[in-house]
1. Does Ala347 satisfy the criteria of being touching a Phe, Trp or Tyr at 6+ places or on another chain (Cβ under 6 Å) and assigned to a loop (DSSP other than H, G, I, E, B)?
2. Which one of Ser220, Ser164 is out of contact with any Phe, Trp or Tyr (no Cβ under 7 Å at 6 or more places or on another chain), outside the structural domain of Ser9 (by TED's automatic domain parsing), hydroxyl-bearing (Ser, Thr, Tyr) and modelled with pLDDT of 90 or more?
3. Name, by its number, the condition in (1) more than 16 Å from Ala630 (Cβ to Cβ); (2) not in a loop (DSSP other than H, G, I, E, B) that does not hold for Ile94.
4. Looking at Val524, Val505, Val518, which is the one that is surrounded by fewer than 24 Cβ atoms within 10 Å (Cβ to Cβ), modelled with pLDDT under 95 and within 23 Å of His473 (Cα to Cα)?
5. Hey, can you tell me all the residues within segment 535-577 that are under 18 Å from Thr243 (Cα atoms) and either part of a helix (DSSP H, G or I) or charged (D, E, K, R) (or both)?
6. Of all the residues that make up segment 31-72, how many are over 13 Å from Leu143 (Cα atoms), part of a helix (DSSP H, G or I) and of a type in the set (Val, Ile, Thr)?
7. All but one of (1) in a loop (DSSP other than H, G, I, E, B); (2) under 25 Å from Ile145 (Cβ atoms); (3) in contact with a strand residue (DSSP E or B) (Cβ under 9 Å, 6 or more places away or on another chain) hold for Ile364; which doesn't?
8. Scan segment 639-667 residue by residue and report those that are exposed (fewer than 14 other Cβ atoms within 10 Å of the Cβ) and closer than 30 Å to Ala613 by Cβ.
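The values are calculated or read from the model by the stated rules, or taken from the named source; none is laboratory data. Here the structure is a predicted model, which is why all the values come from computation and not from measurement. Cβ placement follows ideal geometry from the backbone for every residue including glycine, while neighbour counts extend to all protein chains displayed.
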Amino acid sequence: MGYYAHSDSEKDKSQWHLLRAHLQDTAETAATFAKGFGAERIAFLAGLLHDVGKYAPEFQKRLEGRGIKVDHSTPGAVEVEKRYGPMGKILAYIISGHHCGLPDWGSMADETSLEARLKKQLNDYSAYIKEIVLPSPRDIAFLAIRPVVGMGFSSQFLTRFVYSCLVDADFLDTEKALASEKAGSRDRQYSLKSLADTLDRFLDNLSSKATDTAVNRKRSGILANCREKANHIPGLFTLTVPTGGGKTLSSLSFALRHALRYGKERVIYVIPYTSIIEQNAAVFRDVLGEENVLEHHSNFSYPQEKQAETEAEYAWGMGQKLKLAAENWDMPIIATTNVQFFESLFAARSSRCRKLHNVANSVIIIDEAQMIPTGFLKPCLNALAELVTNYNVTVVLCTATQPAIRKFLPEEINPVEIIDEPESLYEAFKRVRVRSIGAVSDDELAKRISGHDQVLCIVNSKKHARLLFERVHGEGTFHLSTRMCPAHRTQVLSNIKSRLKKGEVCRVISTQLIEAGVDVDFPVVYRSMAGIDSIAQSAGRCNREGLRQTGEVNVFWPEKHGMPRGWLSRTASLGGIIFERHEDPLGLEAVNDYFTSLYDIDASELDKASILADIREQEKQLRFPLRTIAEKFKLIDDNANTVIIPWDDACRKALAEAEHSQFPGAFARRLQRYGVGVFEKEFNELLELRALEAVAERYYVLREEVYGRYYSQETGLNPFTESMFLNDTLII
């Protein structure tokens, strides 16, 4: 009797995907993926046993069209758990969850838990013994990892990485059998040396054309430091460069050279804001070529529906499988966000975890490292320590305001600063005078802004930005916030840059989205009181090129409606204290004082979801709540839904094509530039008001007939319902 892994209605049964071939091929591919962290044998075994439940006669009948539900994932988990000791328990999580996601160990009371599944009644799958030869338990020892942040943390981390190897290998082998044309399109090669050479030529050309100014000479020195330190042994690095120092491309130069020197496979650039990732990714594509850069962030990374395992296996259309196939980060340059990167490291779903094996043996640049969310600081730093120690990863913490994190790192990890003299570099780039001007009302602030021909005002909330814009409103006045879709913001920023360059009137009221990665240069900046790191970013938009003797940054306390809430209120209060303590509130000493004080709080505030406590609770028994951890590890508290704004003809064309496409998910990237994130309650209100229409059952689009009323050409999506006004105080 022949045993099959997958059927194909368009082929004769003799051409179906043989089960033995699927298991062997998946095992070999998974082992290849695991080479980056030395887990080849473990990953091979996971691939070899992941689908042994398909040897059950009932499953084979299902492939022939019988409506029988069969649990085919648990049998492999049962086999490894009873045969391979502690490593078998790790593998049991991986195999049992290869469709539905990693489970909690849980208890017998929960039938979805690993403990309950290992004891459930299963169909007879014993025929696998005739076709599959299992390795000896002596060959499957627990991986020799260095538990620098605890054995429990290292074990659950390893579980996710081997899980990544399995699910990616499984998807790719299935795709090869059922969609060979798609699989063939993956066969692409890239050369990091070629990319490094291309970047070198670009940077050298840029330097040769740059005006000979003190600032540009310092930028050349920063690049030289990055190139030199690329030869340093892998580990954890810091890159402390003032805003305007050109750290984006200089850090990329370090990363590519370091990758070549030490055999790393890719560079992953992690950026804090979705709102500015488009800019950095565009720079990378312009320099290195679009075919070498993957831009991947939380917009349009749709969660899988929670569904039964058998439904996950059989009900997904090929479109869903192909959408997932684009999410394994098999590219040389990845530009992603903090949310996408860190949440993936603690994820449980296959769609989020699939990429993880391609994080191993890479260079990771954490841009604006101070933006790692404080409430998850300890788990995030543990993850970075784990990557550096056990997964051949080099990490660069890149920022003008280095967070004081040394005391949270293992003793074995000593960060290496790439810049030779950060203090003198700060003084060389000091181009502004920062002062506190006390409490300022909106009316007074509007008068001050109107008194300047070119001025930038940055506030803490979308509501405050909108109210100020309405007061200052006039020719040459602009508003920026994430209520505007990225394509809209890009157009406005282009206009702003043009007017600044021509010396025309240009007054901008913005949320903090303009603080990171947006290259604008104003003579005067007003900043609502905030954390010192945010104020430093604001100062980076003032006299950026050093063309004036000094720029002016005025920090003020706003009216009540302009004050941030919760944790951001604490950072603003601490920012005010730093102004009182230090003559230069942005100096390296003041920055260190700020972060030391910020982190000198109850330890629970640095792990607010108790992720580390959950891991430690039953770590000796390798009983981990993997799915619960994934659900709790959310860097953004509220779930945002994306509303597509039909901003231009390109958007409308993409939507029309998606509506009639067999694979509408393929249009997600084209539509990223037209999305505005709204919270769930607001999203539901928009649906109730019939302001949205569903395109291809997945894209929710602002209806053309209400577009003019609900979307402003100046301020973006209007807040016109109760929940919008309540939520409109949130930053960016």
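1. On the way: touching a Phe, Trp or Tyr at 6+ places or on another chain (Cβ under 6 Å): no; assigned to a loop (DSSP other than H, G, I, E, B): yes.
No, not satisfied.
2. Values: Ser164 fails: outside the structural domain of Ser9 (by TED's automatic domain parsing).
Checking each option against the conditions leaves just Ser220.
3. (1)
4. Working: Val524 fails: modelled with pLDDT under 95; Val505 fails: modelled with pLDDT under 95.
Matching residue, one of Val524, Val505, Val518: Val518.
5. Ile535, Ala536, Gln537, Ser538, Ala539, Arg541, Arg544, Glu545, Arg548, Glu552 - these are the residues of segment 535-577 that are under 18 Å from Thr243 (Cα atoms) and either part of a helix (DSSP H, G or I) or charged (D, E, K, R) (or both).
6. 2
7. Failing condition for Ile364: (1).
8. Correct list: Asn639 only.
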